[in-house]
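Comments concern the structure below.
The values are calculated or read from the model by the stated rules, or taken from the named source; none is laboratory data. Quick caveat, the model's predicted, so the values are computed rather than measured. As a convention, Cβ positions derive from the backbone with ideal geometry for all residues, glycine included, and neighbour counts pool all protein chains shown. With ligands, DNA and RNA removed, areas are computed over all heavy atoms of the protein, side chains included. Shrake-Rupley method; radii C 1.70, N 1.55, O 1.52, S 1.80 Å.
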Amino acid sequence: MARKYLVETFGCQMNFHDGERISGLLESEGYEPAASEAEADLLVLNTCSVRERAEEKLYSRLGEIRLAAASCDRQPQIAVTGCVAQQEGDALLTRNLPIDVVVGTQAIRQLPALLTEAKARQTPRVDINPYEDVSFPLGVAKASDPTRAWVTIIEGCNEFCSFCVVPYTRGHERMRPVADILAEVQRAADSGRLEVQLLGQIVNHYQAPDDPGCDFPELLRRVSQIDGLRRVRFASPHPRHASDRLIEVMQSTPKICRHFHLPVQSGSNRVLKEMRRRYSREEYLALVDRLRAAMPDISVSTDIIVGFPGETAEDFEATLDLVRRVGFSFIYSFKYSPRPNTLADKRMADDVQESVKTSRIMTLQQLQAEIQVSLFQAMIGRTVEVLVEGPSRRRDWEMTGKTPGWVTVNFPGPATLVGQLVTVRLTAAAPNSVRGELVEAASAH
Ligand code: 5AD
Ligand code: SF4
């Protein structure tokens, strides 16, 4: 009988897509998806280490698994993949945790063989070698999202922002050949997916290794020309690499969604410098102005860290001021968390008190909630295009989906609409979504 697997992914979109790759790889080796944890012969914990809290999730999850195993005689094999695996390697095995295999971010291809070896030899196996195979195993990714395809264009990062562990866990930047990217997007379009999301740590740093004429704007142009595809997105660009040509290509290509997720991290020039972000608040604001001048309806969202070492009340005020000025459509906000190997951790004390971090993040989130409500209220009465993702979280007779600007829209409608683009008239604003009514089931081009 085929062995059954379950992949649990923590963290970012990149990791989510790695989970799809791992699933595809396992299925190509004869594994079948398990319907529940109780049925699984193999559990893959695909981990995140961007903040300490994310890392702790792995340890508490492994604790739960050990407890469950103690009370029944079925013991699934446990594999740890992703950023914690890469960061900790062998050290994971010294903690008396139920782990059979540890596989780093650039060694996923080794997973099936290591599982077999670990089982045969009854001893844990670890591989965190940086094989650097950028194209692994993109061909076999199991698409688990019926509405949009996630396509990696760059792996790793060379930017070394002082707070960030990613260059250490995902390795240095490797670009994927444009021919492979286009082929994968074509396959996604052929499978009926209307939207593609291009992924990279600094997605707009792309330069095709197989075509000197193909930088990120050109890649966007070529992807947009693929038949059947209706929407193109990307995450995340770095402000430093957002060129005028990128803005021009977006402006002249309606298929590219009017959304720019542009991590700012802080509104204080002093903090930005310590973070090694290599742009100033003025440059950031000027970029937002240029985006809006070219595309007045574009939504801009961001990531912000509060409580970076040395962040003063004044620095934090500068962040609030930037948030007020830009009017972000949403913000992912985080309390600074020291990460191993990073420059900030080595050179700076984590000196903003936890209580201060908490009060700052709450102030920021309160401000953002107010901004969001007014942005959402201004949308009422408008008609928008929504890509339908599935039933809404709260009511199963309601569908949920996203506008081009990544606003969540809920509306009464049948499940047959999943995966389609529909037109919705917006009627009421909620804190994190907008409600509406269906105008047209299949939206016109
Ligand atoms: N502490 C807090 N937040 C962090 N991020 C990255 N590293 C850290 C850290 N050490 C946040 C940044 C980044 C997002 C993915 O996670 O805002 O853009
Ligand atoms: Fe981390 Fe900075 Fe690279 Fe983003 S650009 S992955 S924040 S080092």
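Accessible surface for the chain, divided over its residues, is 43 Å² per residue with a 1.4 Å probe. Quick check: the distance between the Cα centres of region 38-66 and region 309-339, to the nearest angstrom? The two parts, judged by their Cα centres, are 30 Å apart. Put a dot 7 Å past the Cα of Glu32, heading toward its Cβ, do the same for Gln225, and the two dots end up 4.4 nm apart. By definition, a body whose alpha carbon gyration tensor gives a ≥ b ≥ c is rounded when a/c is under 1.5, and region 4-127 falls into this rounded group.
A cut-off of 5 Å between modelled amide H atoms, ignoring neighbours fewer than 5 places along the same chain, links Thr152 with Leu199. Cysteines in the chain lacking any other cysteine Cβ under 4.7 Å from their own Cβ: Cys12, Cys48, Cys72, Cys83, Cys157, Cys214, Cys257.
Taking 0.36 nm per intervening residue step and subtracting the Cα-Cα distance, what contour gain separates Met1 from Asp244 on full extension? If you can, show how the numbers build up before the last one.
On the way: separation 243, 0.36 × 243 = 87.48 nm, distance 5.66 nm.
Full-extension gain reported as 81.8 nm.
What does the net charge come to around Glu398 if you take all other residues with beta carbon closer than 13 Å to its beta carbon, with K and R at +1 and D and E at -1? So the surrounding residues net to +1.
Here the gap between Ala91 and Arg276, fully extended at 0.36 nm per residue and compared with their Cα-Cα distance, gives a gain of 63.6 nm. Assuming R0 = 30 Å, what is the FRET efficiency of Thr123 and Ser144, from their Cβ-Cβ distance, to the nearest 0.05? That pair, Thr123 with Ser144, gives E of 0.40. With all protein chains in place and ligands, DNA and RNA left out, the 1.4 Å accessible area ranks Thr312, Thr253 as Thr312, Thr253, largest first.
Close Lys pairs in the chain (alpha-carbon distance under 30 Å; sequence gap of 8 or more, or different chains): 20.
Using C-alpha pairs under 8 Å with a sequence gap of at least 6, the mean separation divided by the residue count of region 380-443 gives a relative contact order of 34 percent. Each DSSP beta bridge with both residues in the chain is either parallel or antiparallel, and the antiparallel ones are about 35%.
Taking R0 as 35 Å, what FRET efficiency do you get between Arg325 and Asp190 from their Cβ-Cβ distance, rounded to the nearest 0.05?
Values: r = 44 Å, r/R0 = 1.24.
After rounding, the FRET efficiency stands at 0.20.
Quick one: with all protein chains in place, what share of the accessible area of the chain is carbon or sulfur, to the nearest percent (1.4 Å probe)? Walk me through the numbers before you get to the answer.
Working: 9740 of 19290 Å².
Whole-percent figure for carbon plus sulfur exposure: 50.
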